[in-house]
Structures are given as structure tokens and as C-alpha cells.
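Student: What follows is a structure written as C-alpha cells; I'll ask about it next.
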Amino acid sequence: MIISKKTQIAIIGGGPSGLLLSQLLNLSGVDTVILERSSREHVLSRIRAGVLESGTVDMLRQAGVFERMEKQGIPHNGCYLTDSDLMVHINFRELTGKQVLVFGQTEVTADLYAAQDRMGTEIIHGVEDVKINDLGQTRSKIDYTVNATRTSIECMYVAGCDGFHGVSRNTIPATVRQEYERVYPFGWLGVLSQTPPANHELIYANSPHGFALASMRNENLSRYYVQVPMTDKVGDWSDERFWEVLKQRLPTETAQSMITGSSIEKSIAPLRSFASEPLRWGNLFLVGDAAHIVPPTGAKGLNLAVSDVFYLHSALIDAIKTQSRTGIDGYSDRALARIWKSMRFSWQMTTMLHRFDDEDNFAGQMRRATLSHLAHSETARRELAENYVGLPY
Ligand code: RFL
Ligand code: PHB
């Protein structure tokens, strides 16, 4: 085996967490290498998040990745929560003074790749069989295979940004890890269609038939989701069936006026709340989906990944530039404090808006009462808005 490479920080995973962390470290003169399992095309074909908190927008600006986001992102001052024809408007702007930006994760990731290319960062795609070694030593080592060649990279720290199914989390011994999990008994069927959005703001709809979400990417690109049983397959859902079910769940007026068309992407995602503690083991730091998953109902997954990067990038810069270990020693606790609050919010939004198969008739009344309370209480709406726009870092 050959030690073929050396870097200060090795980053496993070239999704939004890994790319943003790398970009911020590089801007401070810290050297990184990114190891990514898939091709760039594959990473950029995944349709995922759509809503950016203002803290996320600030971080992307800091990373120098803002031109398209500022031109093409759509600022949203509020959203709707509905139950049949009861529509509750949550005015983020009035309630918190903040707004969110609707701009797709795919676009953010594409711009981060472009920025990293300009920076000249080495991003190695198609890596297999990644093994992280020597995490308790001064220098650690990652072994991987690329183009049928076993290669090693030596580094000071490792950032595990490799998502829920990555290798980083499981490198931490099971005896050290504490995991928390709730799997929801349904998924989201998502459809992207080249049609104008059904409404100018997002609609999170509860209904006797289940949950639906009307979202968007731009003025002629809509993103919709409906709650489906986890046993359903994408092939079970023709476009006709999807639109019919979606319309059943949205408020009548929206359903009647919305424009439908053929889908350009259709996929089913499971819903899960998951967290693994601690986020650090020796020289390894977990970031984003590698450490925690939230159901998409609160639009928090990508935003949480970015707040992890916020805490970790400055801690690593301090450790490398000034040998101060305070930041890296405190990373896990600082990041987890915010993660658990977003976990709570995403779980609460999911419980408030979805129909559970085995539920009794009491559950539906609780959902309607929660919505009715939101309709009548500014305090309740402010609490929701404060969480939705993003808690402070
Ligand atoms: P990612 O995006 O999963 O990237 C991890 C990368 O690591 C690579 N990888 C490996 N590389 C090398 N070696 C290995 N052994 C590897 N194993 C994996 C993978 O190929 C991948 O490229 O994690 P990251 O960077 O932490 O980013 C997290 C976000 O992607 C995620 O939280 C969000 O997409 C969640 N999410 C949403 N978040 C929001 O903030 N707002 C939203 O509106 C929102 N909507 C959503 C969502 C996620 C969804 N799905 C499909 C789960 C809507 C949906 C439907
Ligand atoms: C999306 O547009 O993909 C989206 C928006 C809000 C969510 C989840 C997903 O809560």
C-alpha cells in the first residue's frame, strides 16, 4: 500500500455538508481533500431540500456562493398550514422579522461544486471501501479504493459528511455511540413538474386523507409531496393518480385553480427522526445527515447540516491555525443543542400534519385543535415561525 496523499482535513462525502465545510476551510487557507462515493452527476440529480433558513443563506454568502441564490432564490415571508378548508397563515416576517429563501439543494450543491473547482480542491469521485484508521493518533489515515487502486490519505482531522448510509458514524464503536430513532409508518411521494406553483407560498396540508405539501422551485417548476404508505412503490403512482390524491388533500380553492402537467421526477422518501451522539470521536467529526436525520416536514435537514458546518469550520480552523482545542472539544455539545431543538420541531410538525394508520378518532381531533389554536393564537404562530425560519446559531 502506498501513502499517496496528505491533507490537513479529509472530508468523506461530497454532498452539501462536505462541500460547504471544504469551501469555508479553503477560504481560511486550510487544505482539504473530498472523497465521494458517487459521480458528480449522480449527486446533482438528487432532488431534495427546497427551503433555506436565513442562517444558511448567510453561510453560503460567507462561502462566496451567492450569485445565483440571490438572483434566482425566492424569498418567502410566510407559509400556510391547512386542514381541509381551514387555512392558517404563518407570517414569518411579521412574527419574527425574518424570511426564508426557496432555492433547491440541487442548485446549492452545483454552485458549491463550481466554487470548489475554482478553488482547485481535489474531489475524488467513485471511492469505494472507505476505512478510517488511527483516529486516536496525531495523524489519522483513510484507506479507499478508486479505479481499482487501493490508496491512502494521511490527515490531521476527518470530517464525516457521508450522509445517513455512510461509513463515518459506524467507525465510532457501538459502545461509545448512543442512538435515538423514531421511524414513521409512512413516506413522502415527491413529484417535480414543469407547472406554475399552486400557491405563491408553501402549503402544508393536513386532511382526512393524509398529508400533502405544495412547494416550488421557480415560477414554472413545482414540487409536490403526498403522504403514502411505506409499502407503496413509485410504479403504483401514475401522474393522474398523484394529481387526484393531491387535490383531495389541498384546500378546495387551491385544488380547483392549480395547473397540472406531466411529472419530470417522482420518488418516495421514508420519514425518520434519528440522532447519534457524540458527534466526535478522536479526530473524527460527524456532520449533517451522517449524524442526524429529521423528517422533511419542518424543512430542517439541509439547514441543520449547515449549522453543524458553522460550528465545525471555525473549530477546525482554530485547531489548525492556533492549536486551540476549545472549539473542537465543544463541537459535539454545541451542535447537538441546536440539533435536538430542530428534531423536536420536525417531529412536532410531522405529528401535527400526518395521518397515522393505526390512530384512533382522538388523534384527528388533536390535529384539528392544534391548527385551530394556531389560527387563533399569535403566540402559537410566533413559536412555529421562530422555529421554521431557524433558531439562532
Ligand atoms: P447527503 O446529501 O446525504 O450527502 C452525503 C454524501 O456522502 C456520499 N457518501 C459517501 N462518500 C464516500 N464514501 C462513502 N462511504 C459514502 N457514503 C455516502 C453520498 O454519495 C453523498 O453525496 O448529506 P449532507 O451533505 O449531510 O446533506 C444533508 C441534506 O442532503 C439533507 O439533510 C436534506 O436533503 C434533507 N431535506 C431537506 N432539508 C432541508 O433543510 N429543507 C428541506 O426542504 C428538505 N427537504 C430533504 C427534503 C430530504 C428529502 N429526502 C429525499 C430525504 C425533502 C426530501 C424529499
Ligand atoms: C421542497 O420544496 O422540496 C420542500 C419544501 C419544504 C419542506 C420539505 C421539502 O418542508
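The values are calculated or read from the model by the stated rules, or taken from the named source; none is laboratory data. Everything numeric in this text was worked out from a predicted model, so none of it was measured. Reconstructed Cβ throughout: ideal geometry from the backbone, glycine too, with neighbour counts over all protein chains shown. What goes into the accessible areas is simple: the full protein's heavy atoms, side chains included, and nothing from ligands, DNA or RNA. Shrake-Rupley method; radii C 1.70, N 1.55, O 1.52, S 1.80 Å.
Student: Using the Karplus curve 6.51 cos²θ - 1.76 cosθ + 1.60 with θ = phi - 60°, work out ³J(HN,Hα) for each residue of region 364-371 in order, rounded to whole Hz, and write x for Gly and Pro.
Tutor: With coefficients 6.51, -1.76 and 1.60, one gets x, 5, 4, 5, 5, 5, 4, 5 Hz.
Student: On to the next question. Compute for region 153-202: radius of gyration divided by Kirkwood radius, i.e. Rg/Rh, restricted to C-alpha atoms, rounded to two decimals. Walk me through the numbers on the way to the answer.
Tutor: On the way: Rg = 19.2 Å, Rh = 16.0 Å.
For region 153-202, the value is 1.20.
Student: Please compute the Kirkwood hydrodynamic radius of region 346-393 from all pairs of different C-alpha atoms, in Å with one decimal.
Tutor: Final number for the Kirkwood radius of region 346-393 is 11.9 Å.
Student: Could you state the number of Å between the C-alpha centres of region 170-188 and region 265-296?
Tutor: Spelled out, the Cα-based centre of one part sits 8 Å from the other.
Student: What are the radius of gyration and Dmax of region 1-125, computed over its Cα atoms and given in Å?
Tutor: Rg, Dmax (Cα atoms, Å): 17.8, 66.
Student: Now for a separate question. In deg cm²/dmol and to the nearest 500, what is the mean residue ellipticity at 222 nm of the chain if only DSSP H runs of at least 4 residues count, each as -39500 (n - 2.57), divided by the residue total?
Tutor: The helix-only estimate for the chain comes to -12000 deg cm²/dmol at 222 nm.
Student: Okay, moving on. Measuring from centroid to centroid over Cα atoms, what is the spacing of region 205-253 and region 328-342 in Å?
Tutor: What the calculation gives is 35 Å, centre to centre.
Student: If I model the chain as equal point scatterers sitting on the Cα atoms and use the Debye formula, what is log10 I(q)/I(0) at q = 0.06, 0.15 Å⁻¹?
Tutor: Debye intensities relative to I(0), on a log10 scale: -0.24, -1.36.
Student: Based on the alpha carbons, how large is the Rg to Rh ratio for region 57-135 when Rh follows Kirkwood?
Tutor: Using only Cα positions, Rg/Rh for region 57-135 is 1.18.
Student: Give me a comma-separated list of calculated 3J(HN,Hα) values for region 381-391, in order, Karplus coefficients 6.51, -1.76, 1.60 applied at θ = phi - 60°, integers in Hz, x for any Gly or Pro.
Tutor: Each residue's phi maps through the Karplus curve to give 5, 5, 4, 5, 4, 4, 6, 5, 6, x, 6 Hz.
Student: Please report Rg (one decimal) and Dmax (integer) in Å for the Cα set of region 206-245.
Tutor: Taking only Cα atoms of region 206-245, I get Rg and Dmax of 11.4, 33 Å.
Student: Further question: Going by alpha carbons, how many degrees (0 to 90, nearest 10) lie between the helix axis of 326-353 and the longest principal axis of the chain?
Tutor: So the inclination is approximately 20 degrees.
Student: Could I ask something else about it? Which angle between 0 and 90 degrees, to the nearest 10, do you get for helix 301-321 versus the longest principal axis of the chain when only C-alpha atoms count?
Tutor: Value to nearest ten degrees: 20.
Student: While we're looking at this one, here's another question. May I ask for the angle, rounded to the nearest 10°, between helix 16-27 and the longest principal axis of the chain, with both axes built from Cα atoms and the value confined to 0 to 90°?
Tutor: Computed tilt is about 50 degrees.
Student: For a bin width of 5 Å, list the pair-distance distribution of region 18-62 built from all Cα-Cα distances, rounded to whole %.
Tutor: 5, 16, 20, 22, 22, 14, 1
Student: How large is the convex hull of the Cα atoms of region 171-307 per residue, expressed in Å³ as a whole number?
Tutor: 132
Student: With θ taken as phi - 60° and the coefficients 6.51, -1.76 and 1.60, list the Karplus ³J(HN,Hα) couplings across region 257-273 in order, rounded to whole Hz; mark glycine and proline as x.
Tutor: 8, 6, 9, 10, x, 7, 7, 10, 7, 8, 8, 10, 10, x, 10, 8, 10
Student: Roughly speaking, to the nearest percent, how much of region 241-393's 1.4 Å accessible area is carbon and sulfur?
Tutor: Taking all protein chains in place, region 241-393 shows 52 percent carbon and sulfur surface.
Student: Further question on the same structure: Once the piece of chain linking Gln137 and Glu122 is laid out straight, how much longer is it, given 0.36 nm per residue of separation minus the C-alpha distance between them?
Tutor: On the way: separation 15, 0.36 × 15 = 5.40 nm, distance 2.42 nm.
Using 0.36 nm per residue and subtracting the Cα-Cα distance, I get 3.0 nm.
Student: Please sort 211-220, 10-19, 266-275 by packing, taking for each peptide the average over its residues of neighbouring beta carbons within 10 angstrom, highest first.
Tutor: The densest-packed peptide leads the list: 10-19, 211-220, 266-275.
Student: Could you state the number of Å between the C-alpha centres of region 69-97 and region 3-44?
Tutor: Rounded to whole Å, the Cα centres lie 34 Å apart.
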